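Shown next, in structure tokens, is the structure this report addresses.
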Amino acid sequence: MTPGATSTPSTAGPPRDRSIPPGLQRILRISASLVTTQAATSVLGLLFWAIASRGFTREEFGVANAAVSAMGLLGALGTLGLGTLLISLLPGTEQGVRRVTVRTALAVSGVAGTLLAVVVPFVAVHLLGLGNLSPIAGSPGHAALFAVGTGLAALALVLDQAVLVIGSGNLQLERNVTASATKVVVLLGLAAAGATDGMAVFAAWAVGTLVSLPVVAHRTRGGRPLQRHRRLVDLSSMRGLGRRALSHHALNTTLQSPLMLLPVIVTATVSAAANAPFGAALQLTGFVFALPYALSVGLFAAAEGDDGEVLRRMRVTLPLGLGVSLAANLALWPLAPYVLRVFGASYAEDGADVLRILVLAGLPFVVKDHFVALRRVQGRTGSATLVLVVCTAAELVAALIGAHLGGVEGLSAAWVLVLVLEAVLLAVPLVRARRRFVTRTREQELAGPDGGGREHRPEGAGARADEDGARDGTRSGDGDRSGDGGQVRTSGGDDVVDVLEQEPAVASVVDPAPSRRGSRGLGPALLAIALGLLAMALAAGRARTTGDDGGLTQLLWEAGLVLIVAPAALLATWPRTSGTVRVWTAVTAAVALQLSRVVLYPTRFMFHDELLHANLLRQISDTGQLFGVNPLLPITAYYPGLEVATDGVGDLTGLSQHTSAVLLLLAARVVLSLAIVAVVTRLTRSHRAGAVAVVVYACNPQMLFFNSQFSYQTLALPLAVLTVALFASRRRGSLRGLLLPLAALGAVVITHHVTAVLLLVALAVWTVVDALLARVRRRAAGGSEQVGGVVAVPPGSDARALAVMTLVGAVCFAATLLNPGNTLGSYLGSIVTSSSSDLGAFFEGRQTKALFANTAGVGPAWWEQGLLLGGLVITAAALVPSLWAARAWVRVRVPLAVVLVLTAVLWPLVPGGHVARATSEVGDRAAGFVFLGVGFVVAWWLVRRAASRRAAGLFGAAATVAFLGGVVLGSGTVSAQLPGPFLVSADARSVDADNIAAADWMGRTLPPETRVYADRVSGLLVAADGGMFTVRHISTGIDASRLILDPEFGQDDVDLIRRAGIRYLVVDRRDANGLPNQGVYIESGEFGGQDRTAPVPAAALQKFDDVPGVDRVYDNGAIAVYDLSELSR
């Protein structure tokens, strides 16, 4: 339940999806409307409070928060239930009296809210002696401001509900967005003018509400000619309505009171300063409570008085709400302090534990909101109010006791504890009602049609005769359905496609129509995904605290991955499941895989590529300049899209660089998943294919780790797929239709060089294929041609538009190459040279990479090897028939589909690249691109067959094994994926307290950009964390690796130090404990690196202890820092 959310939701929404049962569709539409409004206003509200927290003192911020909360409570009381009443009253009211009825209700609520705002603060301050509330209404000016603002709030609450009848749900959204945006602007103006009073924040809030009212008046002006009365208000229109209004009003007020009163209690019993972090934490809980609350309200609104509909849909909405709330708790537990940093560092320090406690209330709120929805539909609002009055009293009493015993944390814990007890008690009538409903339904079914029973037949085209679908491939019903710009007709087992002129030719499939319970499984699937993240968090925590990275820890980790992937794969192909549910689950699983990185390392960057990009991010943030020198990898400085976007998120929100990066990469993962769905669904006209494509794409070896880290490919790849999706869905025949695809293409070009090149190559191939097929398509336009059961009438050619895209992209990319200092040529040349050398050695019989082992001799266990081989076999077994069937796309002449098929043909490069060390990196990085084609062809091949439970189960099992095997192929052993004890040159496993402490010491002690030499991981840390200039061969052309790896020291080493300008040397003595897991101690081509079979000698790491003129200035036992200043002169 969200604070102040009293309005009945809008039913406005996207066009109806006929694949979803009408009842459930309405619930989802209403929920979407509520969540959209809540999300938009919450984001702007978060910005508002962030500005307030930084522009005003904590005490004044607490005053403002308490004033706004009190305004919300008194404003809700002032509505007198008139908003809910108008929703039910206006549809049956004559057009001529509607407007005057609404104006009268607004006037009554505004006056009532104003009077309450005058009386209640006066009594609290002057009669009850609550001096902490005197800043709100202790002076005449503040009292008047508070009264006017509260009256406007009451009026706006009623108006938001009325516009659903006299206007639209979009109008409600427009008013709220206008109000929220105005509040931000006014607050910035007041802060710039030097306002310091907390009530100035309240004034900005009130002004925003006032400014938004003309928006509604202007948008509803069309009804003025119809009004019968010229009077502004008519109190007679309210006669006889009081009892109905007050019944709902009492229930609404009871529900809202605790959330409105808690900040007031904190201010009155603790202090206004203590209410600042509490109020900020309470504001953030609105994001967590929004979706579960919206689902319960949608359930009530869609039931239309039928309690059976509520009980029927509750089996979906209840577990869905619990799953979302649980996932939010898991995410916010480690992220609480970072999210609160948007308000300031002190808020994160004081409010993190409070936020963690408050967010737990989301779980019991789901049960409580469903109880209220059921009682409303049953017409038992009176009894529900009595129950909730007792519950509210218990919550407030517990909050008061908790505040006195434990301050803000005690108040929060006591309140949540009472909510949990309430949920247990309120679940009893829900369970009983559900059982009675199931019993009644079974009796009706047994009675048959003559006994009052009825046969439920699934709605929608192409409905199957039984729940498992027609296993022989035939389809019952007429099978007609429409798509966006195209129509699909089925006859027997053949797919017939009519394509309108503006659409591409498609070889389409028909999804089985969903049952009346087409959303079944969504709640359990989301719950399973949340539990999967929990299992992974437990595994990571166990490995981090105990150092145990095997046995139970590995079991928990693998179980978590299975719980994330298996439900998505199962629902993607489960028969008679709605397309929305399939896509929603698949995208959620993809996002959960991204979140797993936060579960592993929630506070900092840990991996090699992350640290070198973190160094560039630090440079841009510190200097405000682009295209500087990143010594760790110079080419990254010339493609700074990732760092610029991350720095922008940090500047906008005030969050840390790491938290900003987490948010950006989560958004990128959502974009990637939805873009894949958009492309595949557009080609196949099947949401099932879109969902399956996302699941198959997730099986690529780099999905879990490499393509989820803070690296430029992680952002560029989603942007590249988005470019294709935007181009495919653009408005043809207009240059404006190319603006968005070109913008996305430009973003790719400035973010990652290889992704940009591959995208340009794909566009060029797409152009050539389209041009070659243009003549054939023009011949086919005069009539239809049938190939392999597919009939297609394709549109005109896109070759010109594609040529424009390719040309503009090539020009932009050439501009990056002309940027002085760009080292792309030498960077790619070194990769080509190294790969060619390793391949040559392989074909000459000199194996350069052992199978199932890294360069340190560490390899996967037997069961991991089985998963790896099983994943490869399953992928190949699915790809071969898929590619054979995909010949149909060539025959029906669909250029984009042909390009995707050609991409899938490249799949052998992914496992084949692992035959050599240098080419293994190429194969790994290619996986993110190649699996776009693999996902498409496999998805289309699978969904052409009739859906059945058996097929869904087989696909779920196969996809899970393929995913787990891909993880082993791309990321190595499970133990290496988890935190644990230090390993030599093993990326995240080499980052520990010792080398972090050394990097921090250097950052505090040495001047910025001091030239330092260190091994692979220490060099990354001293640059990214310490702000040093790490000398590397790739940036300076000087190989200084012998300083660390050579046991001898002589004049040549002194000359090397002087030539490189090295002032300090960082040595990790633990390097002598083993071979490097990543193949090198420092960088490619290092001293003694060719065919190394033994660890670096300890003498090499200790030799500087005996070199004259060298001082050891830092030593923590593992890491030693040597001052070479005397030698470098």
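The values are calculated or read from the model by the stated rules, or taken from the named source; none is laboratory data. Only a predicted model underlies this, so the values are computations on that prediction, with no experimental measurement involved. Glycine also receives a Cβ, built like all others from the backbone with ideal geometry; neighbour counts cover every protein chain displayed.
Wholly within the range 822-918, which helices (runs of 4 or more DSSP H) include no fewer than the required count, namely at least 2 residues that are at pLDDT 90 or above and hydroxyl-bearing (Ser, Thr, Tyr)?
Passing ranges, in order: 862-885.
Answer yes or no as to whether Thr101 is modelled with pLDDT of 85 or more, part of a helix (DSSP H, G or I), crowded, with 20+ Cβ neighbours inside 10 Å and in contact with a Ser or Thr (Cβ under 9 Å, 6 or more places away or on another chain).
Considered against the rule, which asks whether it is modelled with pLDDT of 85 or more, part of a helix (DSSP H, G or I), crowded, with 20+ Cβ neighbours inside 10 Å and in contact with a Ser or Thr (Cβ under 9 Å, 6 or more places away or on another chain), Thr101 comes out as no.
Taking Val324 and the conditions (1) modelled with pLDDT under 70; (2) of a type in the set (A, V, I, L, M, F, W, C); (3) touching a Pro at 6+ places or on another chain (Cβ under 9 Å), which numbered condition does it fall short on, given that it satisfies the others?
(1)
Under 9 Å between Cβ atoms, at least 6 apart or on separate chains: pull out the pairs that start in the range 124-150 with a residue that is surrounded by 14 or more Cβ atoms within 10 Å (Cβ to Cβ) and end on any residue that is assigned to a loop (DSSP other than H, G, I, E, B) and modelled with pLDDT under 70.
Here the result reads Ala124/Leu130; Val125/Gly138, each pair linking the range 124-150 to a residue that is assigned to a loop (DSSP other than H, G, I, E, B) and modelled with pLDDT under 70.
Counting only residues that are of a type outside the set (Gly, Ala, Ser) and surrounded by fewer than 17 Cβ atoms within 10 Å (Cβ to Cβ), how many does the range 996-1032 have?
7
Of the conditions (1) crowded, with 20+ Cβ neighbours inside 10 Å; (2) under 29 Å from Ala986 (Cβ atoms), Val562 fails just one. Which one is it?
Val562 satisfies all of (1) crowded, with 20+ Cβ neighbours inside 10 Å; (2) under 29 Å from Ala986 (Cβ atoms) except (1).
Return the total of residues in the range 1073-1117 being crowded, with 17+ Cβ neighbours inside 10 Å, under 45 Å from the mean Cα position of the chain (by Cα) and of a type in the set (Gly, Ala, Ser).
Residues that pass the stated criteria total 3.
Quick one: in the range 573-621, which of the residues that are of a type in the set (Gly, Ala, Ser) and under 26 Å from Val695 (Cα atoms) is farthest from the chain's Cα centre (by Cα)?
Across the range 573-621, the extreme among qualifying residues is Ser578.
Looking for something in a helix (DSSP H, G or I), crowded, with 22+ Cβ neighbours inside 10 Å and in contact (Cβ under 8 Å) with a residue 60 or more places away in the chain - is there at least one such residue anywhere in the range 616-629?
For the range 616-629, residues in a helix (DSSP H, G or I), crowded, with 22+ Cβ neighbours inside 10 Å and in contact (Cβ under 8 Å) with a residue 60 or more places away in the chain: absent.
How many residues, within the range 1018-1054, are in a loop (DSSP other than H, G, I, E, B) and small (Gly, Ala, Ser)?
Of the residues in the range 1018-1054, 6 are in a loop (DSSP other than H, G, I, E, B) and small (Gly, Ala, Ser).
Give Val390, Val408 a once-over and let me know the one that is without any contact (Cβ under 8 Å) to a residue 12 or more places away in the chain and assigned to a helix (DSSP H, G or I).
Val390
List every residue pair whose Cβ atoms lie under 6 Å apart, where the two residues are 6 or more positions apart in sequence or sit on different chains, the first residue falls within the range 580-604 and is under 23 Å from Ala993 (Cβ atoms), and the second residue, located anywhere, is of a type in the set (Asp, Glu) and not in a helix (DSSP H, G or I).
If the second residue must be of a type in the set (Asp, Glu) and not in a helix (DSSP H, G or I), no pairs are left.
Does Arg944 satisfy the criteria of being at negative phi and surrounded by fewer than 20 Cβ atoms within 10 Å (Cβ to Cβ)?
For Arg944, the condition - at negative phi and surrounded by fewer than 20 Cβ atoms within 10 Å (Cβ to Cβ) - is not met.
For residues that are closer than 15 Å to Phe982 by Cα and part of a helix (DSSP H, G or I), scanning just the range 541-556, find the one that is farthest from the chain's Cα centre (by Cα).
Thr546
Among the residues of the range 423-463, count how many are at pLDDT 80 or above, over 27 Å from Ser578 (Cβ atoms) and among the charged types (D, E, K, R).
The qualifying residues number 2.
Counting only residues that are under 30 Å from Asn822 (Cβ atoms) and in contact (Cβ under 8 Å) with a residue 60 or more places away in the chain, give me the helices (runs of 4 or more DSSP H) lying completely in the range 630-733 with at least 1 of them.
Helices (runs of 4 or more DSSP H) meeting the threshold: 641-653, 657-684, 712-728.
Filter the range 1008-1063 down to the residues that are out of contact with any Pro (no Cβ under 9 Å at 6 or more places or on another chain), among the hydroxyl-bearing types (Ser, Thr, Tyr) and under 16 Å from Ile1082 (Cα atoms) and list them by number.
Tyr1013, Ser1018, Ser1041, listed by residue number.
Which numbered condition trips up Gly344, out of (1) in contact (Cβ under 8 Å) with a residue 40 or more places away in the chain; (2) buried (at least 21 other Cβ atoms within 10 Å of the Cβ); (3) of a type outside the set (Ser, Thr, Tyr)?
(2)
Checking Thr196 against (1) touching a Ser or Thr at 6+ places or on another chain (Cβ under 8 Å); (2) in a helix (DSSP H, G or I); (3) under 22 Å from Gly141 (Cα atoms), which test does it fail?
Every listed condition holds for Thr196 apart from (2).
If you go through the range 632-642 one residue at a time, do you hit one that is in the same structural domain as Thr973 (by TED's automatic domain parsing), under 20 Å from the mean Cα position of the chain (by Cα) and hydroxyl-bearing (Ser, Thr, Tyr)?
no
Which residue is farthest from Phe278 (Cα to Cα), if the candidates are limited to the range 354-364 and must be within 23 Å of the chain's Cα centre (by Cα) and touching a residue at least 40 places away in the same chain (Cβ under 8 Å)?
The qualifying residue farthest from Phe278 (Cα to Cα) is Leu363.
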